[in-house]
1. Find which of A:Ala86, A:Phe73, A:Gly159 sits farthest along the positive direction of the dipole of the stretch A:50-167, computed with +1 on the beta-carbon of Lys and Arg, -1 on that of Asp and Glu, about the Cα centre.
2. What does the net charge come to around A:Val98 if you take all other residues with beta carbon closer than 9 Å to its beta carbon, with K and R at +1 and D and E at -1?
3. Quickly work out the B:Gln6-to-A:Tyr121 label distance, labels modelled 7 Å from Cα along the C-beta direction, and quote it in nm with one decimal.
4. If you line up the long axis of helix A:4-29 against the longest principal axis of chain A, both from Cα atoms, how many degrees apart are they, to the nearest 10?
5. Let me understand the stretch B:1-54 better: what is its radius of gyration from the alpha carbons, and its Dmax, in angstrom?
6. Under unit Cβ charges (Lys, Arg +1; Asp, Glu -1), what dipole magnitude, rounded to 20 debye, does the stretch A:33-161 have relative to its Cα centre?
7. If you take the Cα Rg of the protein assembly as shown and divide it by 2.2 N^0.38 Å, with N the number of residues, what do you get?
8. Just in the stretch A:78-153: which GluC sites (Glu not before Pro) are loop by DSSP and have at most 12 other Cβ atoms within 10 Å?
Amino acid sequence: MHSFAYRANALFTFGVTILAIMCVMASLSDNLNTPSPQAEIEVLNINWFQRQPNGNDEVSLTLNISADLQSLFTWNTKQVFIFVAAEYESEKNALNQVSLWDAIIPSKEHAMFWIHTANKYSFVDQGSNLRGQEFNLTMHWHVMPKTGYMYADKKVISGFRLPEEYK
Amino acid sequence: MDWQGQKLSEMLMQIMLLVSAVVAFVAGYVMSSFKNMLIIYAASVGITLLTTVPDWPFFNRNPLQWLDPKEAEIHGVRVQKPKPQPQNTSKKPSKASKK
């Protein structure tokens, strides 16, 4: 049997197979890119620092976040998700991570930026361990490709300390 | 479509798709645009479809040489006389006219 439908089916099958191979190659071509992202975070101000009625410490910060993530973008990058987390150690938990701010970068043109902002999500501890607490601010990024595997990386900026007293 | 035409059609289809995939990938990579790669590839799949799927005249340059009924009888092939068809014409008389 060699009919119109047979030929159309053969073409479609072969075409889709090739398309899958092209997608795999596009994904592999990302390995040719060596990203060198830059990120800096400063704490400009402690806006307030208090103990909530339920006993948990809460602090509000003003952050200055600047980053150049353009090198994460290749032709196969759909978007990049970034978030800034405060990370510290307490008696109960070896690692606490509190997400303070996040953003989605849709394209390379938006990948170099700086922003002056209060924390978007509240910085609340499980308990009252924040007084005098040393913490890191870490910028995490998750790169989402059009085809292929997602990957994530981070940059840790350390050496921050909260005040000893509530204010 | 005759035998040679079928071979030509299949070969054309495979070569055209492979070449267009290479062109689309290189163009997309050079232009850093995944979208352009898909557009180029989709366009070439469309062109390939129009070229190789319909039964164009150039796929029928080598028509099958059927033996004459008389000659066939000489070679010992029994030729059936076409039976007189009833009024019911739902069944097509012959399939040999196509392909």
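We did not get these values from a lab; they are worked out from the coordinates using the rules stated. Predicted model, so just to flag it, every value in this text is computed and none were measured. Please note: Cβ atoms are built from the backbone with ideal geometry, for glycine as well, and neighbour counts cover all protein chains shown.
1. Value: A:Phe73.
2. So the surrounding residues net to -2.
3. Each label point lies 7 Å from its Cα, and together they span 6.2 nm.
4. With both axes taken from Cα atoms, the answer is about 40 degrees.
5. 13.1, 44
6. Values: 10 positive and 13 negative charges, 61 e Å.
Value, rounded to 20: 300 debye.
7. 1.87
8. Listed in order of number, the matching sites are A:Glu91.
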